[in-house]
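Participant: Take a look at this one; I'll ask things after.
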Amino acid sequence: MILNERDCRHEEVLQIAQQMMIAARTAPKGKGIDVIEVALVTESNIQILSDTLKQIYEENGFKFFLRDADNILQAECIVLIGTRQQPQGLDCGHCGFARCGDREEGVPCALNTIDVGIAIGSACSVAADHRVDTRVMFSAGLAAQRLDWLDGCTHVFAIPVSASSKNPFFDRKPKTE
(Lines give C-alpha, C1' and ligand atoms only; values in the text may rest on other atoms or scores of the structure.)
Protein backbone atom coordinates (compact mmCIF):
# COMPACT_ATOMS: atom_id res chain seq x y z
CA MET A 1 0.00 0.00 0.00
CA ILE A 2 1.11 3.56 -0.70
CA LEU A 3 -0.53 6.30 1.32
CA ASN A 4 0.03 9.80 0.03
CA GLU A 5 0.21 12.52 2.69
CA ARG A 6 -2.39 14.54 0.80
CA ASP A 7 -4.89 11.71 1.28
CA CYS A 8 -4.66 11.69 5.08
CA ARG A 9 -3.70 15.28 5.90
CA HIS A 10 -7.17 16.49 6.83
CA GLU A 11 -7.80 13.66 9.30
CA GLU A 12 -4.35 14.17 10.83
CA VAL A 13 -4.96 17.90 11.29
CA LEU A 14 -8.28 17.17 13.00
CA GLN A 15 -6.57 14.71 15.35
CA ILE A 16 -3.91 17.28 16.21
CA ALA A 17 -6.62 19.88 16.84
CA GLN A 18 -8.32 17.44 19.21
CA GLN A 19 -5.00 17.04 21.03
CA MET A 20 -4.79 20.84 21.22
CA MET A 21 -8.21 20.83 22.88
CA ILE A 22 -7.02 18.30 25.48
CA ALA A 23 -3.92 20.41 26.16
CA ALA A 24 -6.14 23.45 26.76
CA ARG A 25 -8.36 21.46 29.10
CA THR A 26 -5.47 20.07 31.14
CA ALA A 27 -3.57 23.37 31.37
CA PRO A 28 -3.13 24.69 34.91
CA LYS A 29 -6.02 26.78 36.26
CA GLY A 30 -6.04 29.39 39.02
CA LYS A 31 -7.13 27.84 42.33
CA GLY A 32 -7.72 24.64 40.34
CA ILE A 33 -11.11 25.94 39.22
CA ASP A 34 -11.87 25.17 35.58
CA VAL A 35 -13.73 27.99 33.82
CA ILE A 36 -12.36 27.15 30.36
CA GLU A 37 -14.49 26.00 27.43
CA VAL A 38 -12.99 24.49 24.28
CA ALA A 39 -14.57 23.55 20.94
CA LEU A 40 -13.60 22.64 17.40
CA VAL A 41 -15.05 24.39 14.34
CA THR A 42 -15.04 22.54 11.03
CA GLU A 43 -16.58 22.50 7.57
CA SER A 44 -19.54 24.84 6.99
CA ASN A 45 -19.20 26.41 10.44
CA ILE A 46 -15.92 27.98 9.33
CA GLN A 47 -17.91 29.82 6.65
CA ILE A 48 -20.43 30.97 9.28
CA LEU A 49 -17.56 32.29 11.40
CA SER A 50 -16.12 34.07 8.33
CA ASP A 51 -19.50 35.64 7.56
CA THR A 52 -19.77 36.87 11.15
CA LEU A 53 -16.31 38.46 10.88
CA LYS A 54 -17.53 40.30 7.78
CA GLN A 55 -20.58 41.54 9.72
CA ILE A 56 -18.31 42.83 12.49
CA TYR A 57 -16.20 44.60 9.85
CA GLU A 58 -19.36 46.28 8.49
CA GLU A 59 -20.10 47.55 12.00
CA ASN A 60 -16.66 48.78 13.02
CA GLY A 61 -14.77 49.30 9.75
CA PHE A 62 -11.57 47.66 11.02
CA LYS A 63 -10.08 46.07 7.90
CA PHE A 64 -8.31 43.29 9.78
CA PHE A 65 -11.71 41.70 10.46
CA LEU A 66 -12.25 41.48 6.71
CA ARG A 67 -8.73 40.13 6.18
CA ASP A 68 -9.25 37.51 8.91
CA ALA A 69 -12.65 36.56 7.47
CA ASP A 70 -10.88 35.51 4.27
CA ASN A 71 -7.89 34.07 6.09
CA ILE A 72 -9.77 31.56 8.25
CA LEU A 73 -11.25 30.00 5.11
CA GLN A 74 -7.78 28.54 4.53
CA ALA A 75 -7.96 26.59 7.81
CA GLU A 76 -8.67 22.88 8.01
CA CYS A 77 -10.36 23.57 11.35
CA ILE A 78 -10.41 26.15 14.12
CA VAL A 79 -9.94 25.55 17.83
CA LEU A 80 -11.93 27.88 20.09
CA ILE A 81 -10.83 28.53 23.66
CA GLY A 82 -12.76 30.77 26.01
CA THR A 83 -13.45 31.45 29.64
CA ARG A 84 -16.55 32.05 31.66
CA GLN A 85 -16.27 34.91 34.11
CA GLN A 86 -16.12 33.64 37.66
CA PRO A 87 -14.35 35.74 40.29
CA GLN A 88 -12.02 33.52 42.29
CA GLY A 89 -12.58 35.34 45.59
CA LEU A 90 -8.93 36.10 46.26
CA ASP A 91 -9.32 39.87 46.54
CA CYS A 92 -5.91 39.98 44.80
CA GLY A 93 -6.37 43.33 43.05
CA HIS A 94 -5.08 42.13 39.65
CA CYS A 95 -8.30 43.30 38.01
CA GLY A 96 -7.74 46.84 39.30
CA PHE A 97 -10.17 46.61 42.20
CA ALA A 98 -9.09 45.86 45.77
CA ARG A 99 -11.85 43.31 46.36
CA CYS A 100 -13.69 40.95 44.03
CA GLY A 101 -16.98 42.39 45.20
CA ASP A 102 -15.89 45.89 44.14
CA ARG A 103 -15.39 44.96 40.47
CA GLU A 104 -17.58 46.87 38.06
CA GLU A 105 -19.83 44.99 35.67
CA GLY A 106 -17.84 43.77 32.66
CA VAL A 107 -14.43 43.88 34.35
CA PRO A 108 -13.03 40.36 34.06
CA CYS A 109 -11.40 38.46 36.89
CA ALA A 110 -7.69 38.54 36.08
CA LEU A 111 -7.30 34.88 37.00
CA ASN A 112 -9.91 33.88 34.41
CA THR A 113 -8.04 35.89 31.77
CA ILE A 114 -4.72 34.34 32.78
CA ASP A 115 -6.28 30.87 32.66
CA VAL A 116 -7.46 31.31 29.08
CA GLY A 117 -4.00 32.57 28.10
CA ILE A 118 -2.30 29.55 29.63
CA ALA A 119 -4.80 27.25 27.88
CA ILE A 120 -4.05 28.95 24.54
CA GLY A 121 -0.32 28.53 25.11
CA SER A 122 -0.75 24.85 25.94
CA ALA A 123 -2.83 24.27 22.81
CA CYS A 124 -0.34 26.11 20.61
CA SER A 125 2.53 24.10 22.05
CA VAL A 126 0.83 20.92 20.83
CA ALA A 127 0.41 22.49 17.40
CA ALA A 128 4.10 23.43 17.36
CA ASP A 129 5.12 19.93 18.43
CA HIS A 130 3.21 18.53 15.44
CA ARG A 131 4.42 21.25 13.03
CA VAL A 132 0.96 22.43 11.99
CA ASP A 133 0.37 26.07 11.17
CA THR A 134 -1.65 28.21 13.56
CA ARG A 135 -2.29 31.77 14.61
CA VAL A 136 -4.17 33.01 17.68
CA MET A 137 -6.93 35.35 16.52
CA PHE A 138 -8.94 37.47 18.88
CA SER A 139 -11.03 38.67 15.91
CA ALA A 140 -12.34 35.21 15.00
CA GLY A 141 -12.75 34.51 18.71
CA LEU A 142 -14.90 37.61 19.01
CA ALA A 143 -17.04 36.35 16.12
CA ALA A 144 -17.41 32.95 17.83
CA GLN A 145 -18.31 34.76 21.05
CA ARG A 146 -20.98 36.72 19.21
CA LEU A 147 -22.35 33.41 17.88
CA ASP A 148 -22.31 32.07 21.49
CA TRP A 149 -20.53 28.91 20.37
CA LEU A 150 -18.88 28.62 23.79
CA ASP A 151 -21.93 28.99 25.97
CA GLY A 152 -21.53 31.82 28.44
CA CYS A 153 -17.88 32.59 27.64
CA THR A 154 -16.92 36.24 27.58
CA HIS A 155 -13.32 35.98 26.36
CA VAL A 156 -13.03 33.69 23.34
CA PHE A 157 -9.99 33.24 21.11
CA ALA A 158 -9.75 31.28 17.88
CA ILE A 159 -6.81 29.25 16.63
CA PRO A 160 -7.13 28.34 12.94
CA VAL A 161 -5.14 25.22 12.07
CA SER A 162 -3.61 24.32 8.72
CA ALA A 163 -1.02 21.98 7.26
CA SER A 164 0.29 23.40 4.03
CA SER A 165 3.64 24.16 2.46
CA LYS A 166 3.43 27.76 3.74
CA ASN A 167 1.66 29.04 6.82
CA PRO A 168 -1.39 30.90 5.45
CA PHE A 169 -1.83 32.83 8.71
CA PHE A 170 1.37 34.89 8.39
CA ASP A 171 2.64 37.28 5.73
CA ARG A 172 -0.98 38.25 5.12
CA LYS A 173 -1.83 41.15 2.90
CA PRO A 174 -4.04 43.86 4.44
CA LYS A 175 -7.42 44.36 2.79
CA THR A 176 -7.67 47.44 0.60
CA GLU A 177 -11.46 47.57 0.42
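The values are calculated or read from the model by the stated rules, or taken from the named source; none is laboratory data. These numbers were taken from a predicted model, which means no experiment stands behind them. Here the Cβ positions follow ideal geometry from the backbone for every residue, glycine too, while neighbour counts run over all protein chains shown. Just so you know, the surface numbers come from the protein's heavy atoms only, side chains and all, with ligands and any DNA or RNA stripped out. Shrake-Rupley method; radii C 1.70, N 1.55, O 1.52, S 1.80 Å.
Participant: Out of region 59-81, which residues are of a type in the set (D, E, K, R) and free of Cβ contacts under 8 Å to residues at least 12 places away in the same chain?
Facilitator: Result: 59, single match.
Participant: Residue check, residue 97 against (1) open to solvent by 40 Å² or more (accessible area, probe 1.4 Å); (2) closer than 30 Å to residue 133 by Cβ, all met but one. Which one?
Facilitator: Tallying (1) open to solvent by 40 Å² or more (accessible area, probe 1.4 Å); (2) closer than 30 Å to residue 133 by Cβ, residue 97 fails exactly one: (2).
Participant: Same structure again: Do the conditions hold for residue 61, that is, is it at pLDDT 90 or above and of a type outside the set (A, V, I, L, M, F, W, C)?
Facilitator: Here the answer is yes, as residue 61 does meet what is asked.
Participant: May I ask you to verify whether residue 22 is of a type outside the set (D, E, K, R), at pLDDT 95 or above, open to solvent by less than 90 Å² (accessible area, probe 1.4 Å) and in a helix (DSSP H, G or I)?
Facilitator: It is false that residue 22 is of a type outside the set (D, E, K, R), at pLDDT 95 or above, open to solvent by less than 90 Å² (accessible area, probe 1.4 Å) and in a helix (DSSP H, G or I).
Participant: Of the residues 56, 118, which single one is in contact (Cβ under 8 Å) with a residue 40 or more places away in the chain, under 20 Å from the mean Cα position of the chain (by Cα) and open to solvent by less than 30 Å² (accessible area, probe 1.4 Å)?
Facilitator: 56
Participant: Please go through region 159-175 and pick out each residue that is in contact with a helix residue (DSSP H, G or I) (Cβ under 7 Å, 6 or more places away or on another chain) and over 12 Å from residue 71 (Cα atoms).
Facilitator: Scanning region 159-175 gives a single hit, 163.
Participant: Among the residues of region 123-157, how many are in a helix (DSSP H, G or I), more than 12 Å from the chain's Cα centre (by Cα) and either of a type in the set (Lys, Arg) or surrounded by 19 or more Cβ atoms within 10 Å (Cβ to Cβ) (or both)?
Facilitator: Of the residues in that region, 3 qualify.
Participant: Considering only residues that are crowded, with 21+ Cβ neighbours inside 10 Å and outside any loop (DSSP other than H, G, I, E, B), which ones fall in region 67-94?
Facilitator: 68, 69, 71, 72, 77, 78, 79, 80, 81, 82, 83
Participant: Also: For residue 160, state whether it is closer than 21 Å to residue 72 by Cβ, under 19 Å from the mean Cα position of the chain (by Cα) and either modelled with pLDDT of 95 or more or open to solvent by 50 Å² or more (accessible area, probe 1.4 Å) (or both).
Facilitator: Against the criterion (closer than 21 Å to residue 72 by Cβ, under 19 Å from the mean Cα position of the chain (by Cα) and either modelled with pLDDT of 95 or more or open to solvent by 50 Å² or more (accessible area, probe 1.4 Å) (or both)), residue 160 qualifies.
Participant: For region 100-109, does any single residue satisfy the condition of being assigned to a loop (DSSP other than H, G, I, E, B), over 21 Å from residue 148 (Cβ atoms) and free of Cβ contacts under 8 Å to residues at least 12 places away in the same chain?
Facilitator: Yes, that holds for at least one residue.
Participant: Scan (1) touching a residue at least 12 places away in the same chain (Cβ under 8 Å); (2) within 25 Å of residue 126 (Cβ to Cβ); (3) more than 20 Å from the chain's Cα centre (by Cα) for the single condition residue 41 breaks and write down its number.
Facilitator: (3)
Participant: Just to check your reading of the model, which residue among 33, 16, 46 is within 15 Å of residue 144 (Cα to Cα), touching a residue at least 12 places away in the same chain (Cβ under 8 Å) and either hydrophobic (A, V, I, L, M, F, W, C) or open to solvent by less than 30 Å² (accessible area, probe 1.4 Å) (or both)?
Facilitator: Answer to the check: 46.
Participant: For region 104-115, what are the residues that are open to solvent by 20 Å² or more (accessible area, probe 1.4 Å) and of a type in the set (Asp, Glu)?
Facilitator: Residues satisfying the conditions are 104, 105.
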